[in-house]
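The next block holds one structure in the form of structure tokens; read it before the comments.
Bear in mind that the values in this text are calculations on the coordinates, not laboratory data. Keep in mind the model is a prediction, meaning the values are calculated, not measured. Neighbour counts are summed over all protein chains in view; Cβ atoms, including those assigned to glycine, are modelled from backbone coordinates with ideal geometry.
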Amino acid sequence: MIDVIDLEKHFGGKNVLNGISVKIEKGDIMVVIGPSGSGKSTFLRCLNCMEDPTGGQIIFNGVDIADPKVNINIHRRRMGMVFQHFNLFNNKTVIENIMLAPVYVEKQMLRSIKRTNFGIKVKNLFRKEKKPLLPIETTQEKIKADQHEAAMQLLKRIGLEDKADVYPSTLSGGQKQRVAIVRALAMNPEVILFDEPTSALDPEMVGEVLDLMKALAKEGMTMIIVTHEMGFAREVANRVVFIDEGQILESAPPEEFFGNPKNPRLQDFLSKVL
Amino acid sequence: MGGFGAKVDKFIEMFITYKGYVKVLEGLRNTLLIAVLGLLIGIVIGTLIATVRVVPKYKRLPRVLNAICSFYVALFRGTPIVVQLLIAYYVLLPLFGGHMTGVEVAILVFGLNSGAYASEIMRGGILSVDGGQLEAGRAVGLSFSTSMIKIVIPQAVKNILPTLGNEFIALIKDTSVVSFVGATDLYVAFNYIGSNSYEFMVPYIVMALIYIVLVLLISLGIKLMERSLRKSDRRH
Ligand SMILES: Nc1ncnc2c1ncn2[C@@H]1O[C@H](COP(=O)(O)OP(=O)(O)O)[C@@H](O)[C@H]1O
Ligand SMILES: [Mg+2]
């Protein structure tokens with residue numbers, strides 16, 4: 001699904017990613033670990049081009065999205081992202097946070113169909129044989145109502161339907177991160193990228209977020225997760241990747257990765273964190 | 001020279017019997033029109049400039065736009081508004097053969113001028129919004145401009161509302177120079193009353209009072225707006 005080929009990123013003169021190649025298949029749960037400053041966040045942010053790669057390719061469903069000519073917005077809708085600091089939209093209520101992007105995208109599609117139809121109508125004035133209009137099955141109101149319903153379902157799933165109309169500043173950290181996860185889900189993405197989703201949480205809230213992620217994993221969601229939660233990696237990942245100095249030094253299923261690490265730097269790292 | 005009471009009587013006579021209030025209402029309308037429309041134009045221009053100024057400048061287009069904006073801001077902040085008014089009305093307007101009243105020119109010049117100031121205010125506002133907000137917008141697939149319009153700018157405006165209010169108050173007071181281009185504002189109206197009654201003391205005091213009341217009303221309006229916008233910070 002995602003084929004990363006020789007990915008490079010430098011900031012000014014500083015090389016942060018030095019040729020990363022990895023393949024992510026549908027349903028994969030890949031956990032990325034590594035020391036602080038090793039380039040984990042940069043790697044994740046290059047995958048949806050929040051940072052423009054300075055070299056290499058990211059083939060997502062057959063398209064090289066690292067190419068600056070592609071319309072990245074369309075591809076980002078297929079890739080959710082969850083941030084360490086949640087980044088819920090502060091000026092929107094919880095339900096608006098979830099609905100904003102899907103409603104916007106569908107309304108945009110509706111507008112574009114209407115524009116096309118208008119063009120057909122104008123041209124039909126000069127045609128003998130009238131061309132049929134594109135069918136329109138929805139309205140602005142229906143889009144909103146449907147997405148509201150869908151967003152309520154997502155909130156029910158995380159047990160926060162009573163928080164639909166409050167602003168994010170009133171939520172706890174764990175609640176914020178769960179809303180952020182369902183906000184990503186609302187776009188029906190093919191893959192979700194997580195950048196240390198539990199690092200900013202109080203310890204008692206880590207569990208509720210990890211539980212939601214585990215549930216997604218069970219449903220077959222493709223996930224790429226940067227985390228320091230080794231227990232979670234062991235339990236949920238089907239592949240664990242160790243990044244240091246912008247390179248993948250080891251990539252293995254969790255049993256092998258934790259049970260029999262080969263790279264000396266990984267051995268050293270594990271001895272410190274486990 | 002009569003006493004103060006006589007002066008007040010004279011003013012009231014001019015104001016009511018000789019229809020001075022018509023002039024004053026016209027002046028008040030123009031003052032508000034110039035300040036309100038000027039501020040709105042200023043906010044639009046200021047937001048555009050501020051956005052250009054916060055965009056990363058790796059590529060050529062943002063750099064060129066940025067240079068244009070810097071020039072614009074330097075031009076309008078570097079010259080007094082009276083000079084801008086005079087040049088617009090007596091130099092540029094005849095040069096381009098335009099037909100505009102003094103009030104229309106004043107609205108335009110005040111808009112362009114406050115755009116330069118508002119851009120600096122707005123830039124501060126945009127920078128005060130956590131960068132994660134824009135990132136989250138981009139991450140769900142919204143374009144840069146949509147993310148700015150729907151997410152960043154509303155939060156920026158909330159943060160700078162008091163400063164924008166001060167800009168509005170400054171604009172209201174600055175409008176007292178539009179008589180230079182033949183527009184009737186409060187100053188012209190009260191000057192008219194004064195010169196027809198040969199008595200300036202009371203008209204000028206009343207003029208000052210009207211400005212004070214206007215400014216107090218605006219301050220109150222801003223406080224109310226701030227309160228209603230702050231609901232997203234409040235705990236439920
Ligand atoms: N926008 C940036 N500009 C310059 N340097 C950056 C930028 N983002 C990250 N870096 C540098 O890249 C390196 C890797 O950062 P990061 O990917 O955040 O590491 P990690 O997530 O593994 O802790 C760090 O040395 C950091 O200073
Ligand atoms: Mg990081």
Value of relative contact order over chain B, rounded to a whole percent, pairs C-alpha under 8 Å and six or more apart
31 percent
Residues of type lysines that residue A:214 reaches as a straight line, Cα spacing below 18 Å, ignoring anything fewer than 8 places off in the same chain
A:26, A:156, A:176
Cα lying deepest toward the dipole's positive end in region A:1-113, options A:32, A:49, A:19, charges on Cβ:
A:49
In degrees, nearest 10, range 0 to 90: what is the angle between the Cα axis of helix B:60-78 and the longest Cα principal axis of chain B?
20 degrees
Counting other Cβ atoms within 10 Å, which GluC sites (Glu not before Pro) in region A:165-274 have at most 15 and lie in a DSSP loop?
A:219, A:245
Rounded to 5, the percent of DSSP beta bridges in region A:153-274 classed as antiparallel:
50 percent
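Sorted by mean Cβ packing within 10 Å, highest first, what order do the peptides A:174-180, B:123-129 take? Walk me through the numbers on the way to the answer.
Numbers: A:174-180: 24.0, B:123-129: 18.3.
Per-residue Cβ counts within 10 Å, averaged per peptide and sorted highest first, yield A:174-180, B:123-129.
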Any idea what % of Cα-Cα pairs in region A:69-137 are farther than 13 Å?
76 percent
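How many percent of DSSP beta bridges within the protein assembly as shown run antiparallel, rounded to 5? Walk me through the numbers before you get to the answer.
Numbers: 20 of 37 bridges.
Rounded to the nearest five, the antiparallel share is 55 percent.
How do B:201, B:207 rank when sorted from fewest to most other Cβ atoms within 10 Å of their own Cβ? Don't skip to the end; give the middle numbers.
Values: B:201 13, B:207 21.
Ascending number of Cβ neighbours within 10 Å: B:201, B:207.
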Helix B:20-54 vs. chain B, principal-axis angle (Cα, 0 to 90°, nearest 10)
20 degrees
Along each principal axis of its Cα atoms, how long is chain A end to end? Whole angstroms, biggest number first, please.
76, 44, 34
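Within 10 Å, count the other beta carbons around each residue, average over each peptide in B:108-116, A:135-143, and list them highest first. Write out the running numbers ahead of the final one.
Numbers: B:108-116: 23.3, A:135-143: 11.1.
The peptides rank, most packed first, as B:108-116, A:135-143.
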Cβ crowding within 10 Å averaged over residues, with A:22-30, A:91-99 ranked highest first
A:91-99, A:22-30
Quick one: P(r) of region B:49-109 from all Cα-Cα pairs, 10 Å bins, percents rounded to integers, in order of increasing distance.
20, 34, 28, 17, 1
Computed over chain B: longest principal axis from alpha-carbon atoms vs helix B:186-197 long axis, angle to nearest 10 degrees, is 10 degrees
Give the average, rounded to an integer, of partner chain Cβ atoms located within 10 angstrom of each Cβ in A:79-90.
5
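How would A:38, B:197 line up from fewest to most surrounding beta-carbon atoms within 10 angstrom? Each step should come with its number before you reach the end.
Values: A:38 22, B:197 18.
Arranged by neighbour count, lowest to highest, A:38, B:197 become B:197, A:38.
Under unit Cβ charges (Lys, Arg +1; Asp, Glu -1), what dipole magnitude, rounded to 20 debye, does the protein assembly as shown have relative to its Cα centre?
Details: 58 positive and 48 negative charges, 328 e Å.
I would put it at about 1580 debye.
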Under 21 Å Cα to Cα from residue A:114, which lysines show up? Leave out anything in the same chain fewer than 8 places away.
A:123, A:130, A:131, A:142, A:144
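Would you please classify the overall shape of region B:82-226 from the alpha carbon gyration tensor, given that a ≥ b ≥ c denote the square roots of the eigenvalues, rounded means a/c under 1.5, and beyond that prolate means a/b larger than b/c while oblate covers the rest?
Working: a/c = 4.17, a/b = 1.77, b/c = 2.36.
The shape class here is oblate.
Average partner chain C-beta neighbours within 10 Å, per residue of B:146-153?
On the way: counts 5, 3, 0, 0, 7, 7, 2, 1.
Averaged over the peptide's residues, the number is 3.
Can you tell me, using C-alpha contacts under 8 Å and at least 6 residues apart, the relative contact order of chain A as a whole percent? Show your work: numbers first, answer last.
Values: 441 pairs, mean separation 78.8, N = 274.
Relative contact order here is 29 percent.
DSSP beta bridges in chain A, what fraction antiparallel, as a percent rounded to 5? Please list the in-between numbers first.
Values: 20 of 37 bridges.
So the antiparallel bridges in chain A amount to around 55 percent.
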Any idea what the dipole of region B:106-236 comes to, in debye rounded to 20, about its Cα centre with Lys/Arg Cβ at +1 and Asp/Glu Cβ at -1?
680 debye
Whole angstrom only: what separates the Cα centroid of region A:210-274 from the Cα centroid of region A:128-178?
34 Å
Using helices alone, what [θ] at 222 nm do you get for the protein assembly as shown, with -39,500 (n - 2.57) per DSSP H run of 4 or more residues, divided over all residues and rounded to the nearest 500?
-18500 deg cm²/dmol
Quick check: pseudo-label points 7 Å beyond the Cα along Cα→Cβ at residue A:130 and residue B:83, how many nm apart are they?
6.5 nm
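Compute the length gained on full extension between residue B:224 and residue B:95: take 0.36 nm times their separation in residues and subtract their Cα-Cα distance, giving the result in nm to one decimal.
Here the answer is 41.9 nm.
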B:140, B:213, B:55, A:63 arranged by Cβ crowding within 10 Å, fewest neighbours leading:
B:213, A:63, B:55, B:140
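Once you have a ≥ b ≥ c as the square roots of the Cα gyration tensor eigenvalues for region A:226-274, tell me rounded if a/c is under 1.5, and otherwise prolate or oblate according to whether a/b is larger than b/c.
Details: a/c = 1.38, a/b = 1.31, b/c = 1.05.
Taking the square roots of the gyration eigenvalues as a ≥ b ≥ c, region A:226-274 is rounded.
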Step through the residues of region B:103-119 one at a time and calculate ³J(HN,Hα) from phi using the Karplus curve (6.51 cos²θ - 1.76 cosθ + 1.60, θ = phi - 60°), rounding each to whole Hz and writing x for Gly and Pro.
5, 4, 4, 4, 4, 4, 5, 5, x, 4, 5, 6, x, 5, 6, 4, 5
Using only atoms on other chains, find how many Cβ atoms lie within 10 Å of each Cβ of peptide A:101-110 and report the average.
2
Can you work out the Karplus-derived ³J(HN,Hα) for every residue in region B:139-144? Use 6.51 cos²θ - 1.76 cosθ + 1.60 with θ = phi - 60°, whole Hz, and x for glycine or proline.
5, 8, x, 7, 6, 4
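Where a ≥ b ≥ c are the square roots of the eigenvalues of the C-alpha gyration tensor, would you call region A:1-111 rounded, which needs a/c under 1.5, or, failing that, prolate if a/b is larger than b/c, or oblate? Working shown, then result.
Working: a/c = 1.90, a/b = 1.49, b/c = 1.28.
Since a/c reaches 1.5 and a/b is larger than b/c, the shape of region A:1-111 is classed as prolate.
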